[in-house]
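Visitor: There's a structure below that I have some questions on.
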Amino acid sequence: MKVISVIGYKNTGKTTFVTRMVKELLELGRVGTVKLMLDHRLDDPNTDTGKHFDSGADMVTAVTDRELVTISRNPSFEKALDELADAGMDFAIVEGAKDSEVPKVVLGEMDEDVSNVIARLPEKADWNLENIVSMLMEQPDHVTLNSLIEKVRSNPEIVKAGGIGTFIGIVRTDNEDYETRMLEFEKYDKVADASIQKIREEMMQQDGIIDVLIHHKAGRIMPLEDIVYIVIAAGHRQQLFAALSETLDRVKSEVPIWKKEITIDGNFWVHDHA
């Protein structure tokens, strides 16, 4: 899922930009949006759903003939993006999130330092959104395990599959000799992506392998968080389990990704990362 955020001060046209971007992208795929509304409450305490929520329910879902709305606790921007990706969105347009790492379009003048700005546009203008769409398509994907599974399921050849298998690599904290506080991964994106694609294509040439998807995260990853996903569809379980193991071994040995272990006693770099 491609993600872009629009930020700016009040009355710079952010909502108008989002709605126009949605219309521009609908021809290319499914579009979801995120609106950051800090210090707002969406569940009216006077409604039945609000009363359900205030009673202590962790999640409340309201269903009408036109909408399905879910209210849940422990909100986060990352969780919002994950839910859109899990729902099969191809694009997410965010209004707000100036402190996030997602690619951003700034409307009007901003005095604050903002990271990952891909475009600065005048406020309330007749924007050329074709250029913004082109920039968006060049951005890295926001990937979840469920989004990969759904992508495999959408493969027309899935009718030949007897199973879908997944591998999730996570950050191990207890390493016997030392305790890991976090990991940092660095990769040369184009080279790493080409290496992953090569592994995928070669694995799919094996007998009974229908689809292979691989995703490796970069940057800082905290204990027990996900590092790498491998999703494989195969005709039979024997083919599936063998392919999962071989694909992981090849990712570990062939993809140029370096891991920095940040431990209680110090930091060190290693190439073996899963």
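Visitor: What are the residues in the range 177-214 that are open to solvent by 30 Å² or more (accessible area, probe 1.4 Å), in contact with a strand residue (DSSP E or B) (Cβ under 7 Å, 6 or more places away or on another chain) and at pLDDT below 95, if any?
Guide: Tyr178, Glu179, Arg181, Met182, Glu184, Glu186, Lys187
Visitor: Taking the range 79-134, which residues are over 20 Å from Thr15 (Cβ atoms), out of contact with any helix residue (DSSP H, G or I) (no Cβ under 8 Å at 6 or more places or on another chain) and aliphatic (A, V, I, L, M)?
Guide: Passing the criteria: only Ala87.
Visitor: I've got another one for you. Would you pick out the residues in the range 1-49 that are assigned to a strand (DSSP E or B) and open to solvent by 80 Å² or more (accessible area, probe 1.4 Å)?
Guide: Matches in the range 1-49: Lys35 only.
Visitor: Hey, another quick one. Restricting to the range 215-234, and then to whatever is out of contact with any Lys or Arg (no Cβ under 6 Å at 6 or more places or on another chain), of a type in the set (A, V, I, L, M, F, W, C) and part of a loop (DSSP other than H, G, I, E, B), can you tell me which residue is surrounded by the fewest Cβ atoms within 10 Å (Cβ to Cβ)?
Guide: Among them, the one singled out is Leu224.
Visitor: Which pairs have Cβ atoms under 7 Å, sit 6 or more apart or on different chains, and link a residue in the range 14-27 that is among the charged types (D, E, K, R) to one that is crowded, with 16+ Cβ neighbours inside 10 Å and in a helix (DSSP H, G or I)?
Guide: Hits for this filter: Arg20/Leu129; Glu24/Leu129; Glu24/Val133.
Visitor: Considering only residues that are under 12 Å from Ile132 (Cα atoms) and not β-branched (Val, Ile, Thr), which ones fall in the range 3-21?
Guide: Ser5, Phe17, Arg20, Met21
The values are calculated or read from the model by the stated rules, or taken from the named source; none is laboratory data. Every value quoted in this text rests on a predicted model; they were computed, and no experiment measured them. In this analysis, Cβ positions are derived from the backbone assuming ideal geometry, glycine residues included, and neighbour counts consider all displayed protein chains. Surface accessibility is based on the protein's heavy atoms, side chains included, excluding ligands, DNA and RNA. Shrake-Rupley method; radii C 1.70, N 1.55, O 1.52, S 1.80 Å.
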